[in-house]
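Asker: Handing you a structure now.
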Amino acid sequence: MQLTLNTEIIADMMCMKERVVDKEELIGRLLKRFGENAPIFISEIAEEWGEYSRSRVFQLLREMLKDGMIAKGDNGIYYLPTVTLTGQRSVLGHEDIIDKRFIYSGDDIFGYYSGLSLLNGLHLTTQMPFRIELVTSNASATVRKIEVDGFPITVRRSKVKISKKNVYALMLLEAFTEMRRPLKGREIVYMKEFAESRKIRKEDVVRYSRYFPLYTMKSILDTGLDNVFTR
């Protein structure tokens with residue numbers, strides 16, 4: 001009798017917690033926080049829909065997916081699609097999914113692109129990468145090869161925690177590691193512009209250089225960037 005009573009009390013408490021909320025209101029909360037066509041983690045949806053248990057959140061998501069109120073971009077990632085006049089729904093780009101999972105979320109930075117993607121972005125090469133390479137703190141394995149929306153990606157776990165305070169210094173060190181030599185000509189101009197615009201500090205470059213090969217710091221010194229770093 002006591003066990004039955006306790007079970008009924010727990011059931012009543014669960015019902016009180018899961019206050020019925022209109023689906024449009026739930027979508028409105030996500031729209032206000034994230035906007036349209038922006039990747040949203042399932043954990044972020046559960047946080048916004050705090051009235052409901054995780055199982056109920058999944059149930060609501062299935063219903064809203066069926067109704068077209070929300071769309072799925074990747075495993076554990078959803079978004080609020082826009083619809084054209086012809087009725088076509090927008091598709092979440094693979095770059096948005098990659099950025100959300102491995103590079104940044106809101107103001108929180110925890111990764112950066114490496115390889116040819118980095119060198120291309122810094123104007124140090126015109127080659128376009130076949131495989132996207134990145135370094136992130138948000139990885140469980142040292143090196144992992146995956147696909148996102150059919151695009152091959154190599155994910156490397158960073159040896160140091162990446163943040164918005166050190167990400168640009170790490171990117172500079174990564175670029176010199178990829179180049180494997182001192183810069184020359186226009187390459188030096190582009191790198192100086194990057195170092196100055198991002199206010200990269202000399203002490204950060206020196207501090208994090210120990211996580212990179214010895215030739216990396218030698219290439220930086222031979223390039224003559226010492227006078228452009230913020231002290």
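Asker: Once the Cα atoms of helix 2-17 and of the chain are each reduced to a long axis, what angle between those two axes, in degrees from 0 to 90 to the nearest 10, is obtained?
Answerer: Tilt of helix 2-17: around 60 degrees.
Asker: On the full set of protein chains, 1.4 Å probe, figure out the accessible area of Tyr113 and give it in Å² to the nearest 10.
Answerer: 60 Å²
Asker: Pairing the Cα long axis of helix 54-67 with the longest principal axis of the chain, what angle in degrees results, from 0 to 90 and rounded to the nearest 10?
Answerer: For 54-67 against the chain, the angle is about 90 degrees.
Asker: A further question follows. For the full complex of protein chains and a 1.4 angstrom probe, list Tyr168, Tyr112 by accessible area with the highest value first.
Answerer: Heavy-atom accessible area, descending, gives Tyr168, Tyr112.
Asker: What part of the accessible area of the chain, given as a whole %, is carbon or sulfur when the probe is 1.4 angstrom? Present the calculation step by step, with values, prior to reporting the outcome.
Answerer: Working: 7320 of 13720 Å².
Carbon-and-sulfur percentage of accessible area, whole number: 53.
Asker: Right, another one. What is the gain in length, in nm to one decimal, between Phe41 and Lys145 on full extension, counting 0.36 nm per residue of separation less the C-alpha to C-alpha distance?
Answerer: On the way: separation 104, 0.36 × 104 = 37.44 nm, distance 2.12 nm.
That works out to 35.3 nm of additional length.
Asker: Work the Kirkwood hydrodynamic radius out for region 89-138: mean of 1/r over every pair of different alpha-carbon atoms, inverted, in Å. Walk me through the numbers on the way to the answer.
Answerer: Details: mean 1/r = 0.0847 Å⁻¹.
The answer is 11.8 Å.
Asker: Let me ask something additional. Cross-link partners among lysines for Lys72, C-alpha distance below 19 Å, same-chain residues fewer than 8 apart left out?
Answerer: Qualifying lysines at Cα under 19 Å: Lys23, Lys32, Lys100.
Asker: Pull up the cross-link candidates among the lysines for Lys202, meaning alpha carbon to alpha carbon under 18 Å and not fewer than 8 places away within one chain.
Answerer: By straight Cα distance, Lys202 reaches Lys164, Lys165, Lys192, Lys218.
Asker: Report the Cα centroid-to-centroid distance between region 35-60 and region 159-231 in angstrom, as an integer.
Answerer: Here the answer is 40 Å between Cα centres.
Asker: When the chain is fully extended, how far beyond the present Cα-Cα distance does Arg186 get from Asn227, taking 0.36 nm per residue of separation? Numbers along the way, then the final one.
Answerer: Numbers: separation 41, 0.36 × 41 = 14.76 nm, distance 1.72 nm.
Going from the current span to full extension adds 13.0 nm.
Asker: Now for a separate question. Taking region 86-212 on its own, what percent of its Cα-Cα pair distances exceed 21 Å? Walk me through the numbers before you get to the answer.
Answerer: Working: 3394 of 8001 pairs.
For region 86-212, the fraction of Cα-Cα distances above 21 Å is 42 percent.
Asker: Taking the convex hull of the alpha carbon atoms in region 62-153, what volume per residue do you get, in Å³?
Answerer: On the way: hull volume 13.7 nm³, N = 92.
Per-residue hull volume (Cα only) is 149 Å³.
Asker: Heavy atoms only, probe 1.4 angstrom, no DNA, RNA or ligands counted: give me His123, His94 ranked by accessible area, highest first.
Answerer: Working: His123 115, His94 25 Å².
Ranked list, largest accessible area first: His123, His94.
Asker: Also, I was wondering about something else. Quick check: pseudo-label points 7 Å beyond the Cα along Cα→Cβ at Arg210 and Arg29, how many nm apart are they?
Answerer: Simple spin-label model gives 4.6 nm for this pair.
Asker: Restricting to DSSP H runs of at least four residues, report the calculated mean residue ellipticity at 222 nm for the chain, -39500 (n - 2.57) per run over all residues, nearest 500 deg cm²/dmol.
Answerer: Values: 10 runs with 103 residues, N = 231.
Calculated mean residue ellipticity at 222 nm is -13000 deg cm²/dmol.
Asker: Ok, one more. Note the listed values (1) 7, 25, 25, 19, 14, 7, 3, 1, 0; (2) 8, 30, 34, 20, 7, 1, 0; (3) 8, 34, 36, 19, 4, 0, then indicate which one is P(r) over Cα pairs in 10 Å bins from 0, in percent calculated from this particular structure.
Answerer: (1)
The values are calculated or read from the model by the stated rules, or taken from the named source; none is laboratory data. Bear in mind that the values here come from a model prediction, so they are computed numbers and not experimental data. Virtual Cβ from ideal backbone geometry, glycine too; neighbours counted across all protein chains shown. Protein only, heavy atoms only, side chains kept; ligands, DNA and RNA dropped before computing areas. Shrake-Rupley method; radii C 1.70, N 1.55, O 1.52, S 1.80 Å.
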